[in-house]
1. Please order B:30, B:409, B:157, B:391 by the number of other Cβ within 10 Å, starting at the fewest.
2. Just to confirm the number: angle between the C-alpha axis of helix B:288-326 and the first principal axis of chain B, 0 to 90 degrees, nearest 10?
3. Which FRET efficiency, nearest 0.05, do residue B:96 and residue A:169 yield, Cβ-Cβ r, R0 60 Å?
4. Would you mind checking the tilt of helix B:55-64 against the longest principal axis of the Cα atoms of chain B, expressed as 0 to 90 degrees and rounded to 10?
5. Taking N as the number of residues in chain B, what value does Rg over Cα atoms divided by 2.2 N^0.38 Å take?
6. Pulled fully out, how much extra length does the chain show between residue B:126 and residue B:199, if you take 0.36 nm times their separation in residues and subtract their Cα-Cα distance?
7. Tell me the relative contact order for the range B:176-326 as a rounded percent, counting alpha carbon contacts under 8 Å between residues six or more apart.
8. So what is the calculated 222 nm ellipticity per residue for chain B, using -39500 (n - 2.57) for each DSSP H run with n of 4 or more, over all residues, to the nearest 500 deg cm²/dmol?
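FYI, it's all coordinate maths here, none of it is from the lab. Remember, predicted model here, so these are calculated numbers, not experimental data. We place every Cβ from the backbone using ideal geometry, glycine too, and count neighbours over all the protein chains shown.
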């Protein structure tokens, strides 16, 4: 345990996913607008699972704004050359039970097919009990939709208080049309804090994320 | 709770409006000029005294703020402010189930407040008298004038009818046609009689003229018979002629002296003829018989002339009657129109007279309806602090309401995701959990 307690909202999400999906499983976090808090929520949720004893992986799948490595404080995560085998993805240990990797590479994305992505996700499920995919905006790039369909479930992240855009009304229908399993909505930035209003930071529990995670070991744990 | 959530979200706007409002209220309260209020009390007495919501009570409150009462009060007080401002300073409302109504007047001048309340109370009393009784006076005056005018109209029409009847009575009556026809027939009969007499007179004149012509030789003889010269010459000639005839029968023409006698008789015959010629030049009027016949003819001529004049007079009169008969319809219709006009005027006069009698009865009834009396005049004015407090409290409440309204308007116009319900509604999926702002 690095520091502080987790946001109670994350615990609720973890409990919900445990009840909805049977481990090993993968969950993609997406949204309609940038800045809704996908990466922060993904990192916090991954840490929550890791703290609960799950062997957890977090994959940065947001080529427009890759930020997982920076958020975890492990530097820029290197992207694999291909997704044919999971060994091609160099995972970085960010915390106990928590490895991080990235597929947010333009050259990789061009060569990536949906079947390859699903195969890669299946490989990760073989190695990790829980895989958290931090994707980009669903309507911003094709990879986000591919990731959503490759995962067992999708969480839609929305920033509390931002303006409603037309994409908000059609994101669920779009995901269900491509066969994705939309589990629910996760509002972030709620003034009262988590579900019980504890008011803790989702990522670190202390209001600051980036410096809180220790550098982990390189390679698979 | 949703209300408080909205207010919390718009807390800055709410706070801003409240702060500005309270500041404005405090500033106004600190800077406003103190106002004084004085109250006079009036009492309404009448049939319905004691009834709540009586007409008298309602009228009192309405009348005191009427334009008439307020304008008179302003004039009395020499107030130059607008009628609306003056009326706004009046507070008058009868108490429930009471015929007593306080009339308050508010002003920045305490004396004006007292005078205003008293002016309004007295003005209400006077105006109430006017509207309940004065209206009868006005109507009575109007009816009197109208009745007088109708009377004059009827009299004038009667006079015109009398004048028309007097000027031509034959035409004025209803049986003018019958009268005129009878008169015409009578004139025609008289004219016929006169014409017959005229014819007789004219025949007599003709006979007289003929007789006068026949009288001329007789008149000559009568003139000669009465002329002694002629008779002397005639006698001498007759004597000598008889002597000559005797000599001729007894002697021959050679009888001495016969030729001389014959010449003498011839000369005397010439003298007789010459005398007759002289007598022929003598006017016939020298004959008394002729003069008598001439007088008779002149008499009958004058009779005939008189008859002609009478017939002409009858003719003129007949023409006049016929003309009157011809214009009888026009005159009759004019007179009928005048009579109708007079009858209408009389009917209007009768109606006005009845209305006036009714008005007098109503006036007598109204005298018992009720009065307004000033039972307590305003004497001192008090500072209207309660009103100021109420105004300030009202202003504060108003600003609070304004703040709430603005908050809700801003919130309803806000398209941001402001609640869990709105987020769930937008996406159509349940919310698993919320995480704090990162």
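1. Exposure proxy ranking, most exposed first: B:30, B:409, B:391, B:157.
2. So the inclination is approximately 20 degrees.
3. 0.50
4. Compared with the principal axis, the helix lies near 90 degrees.
5. 2.92
6. 16.7 nm
7. Once normalised by length, the contact order is 50 percent.
8. -25500 deg cm²/dmol
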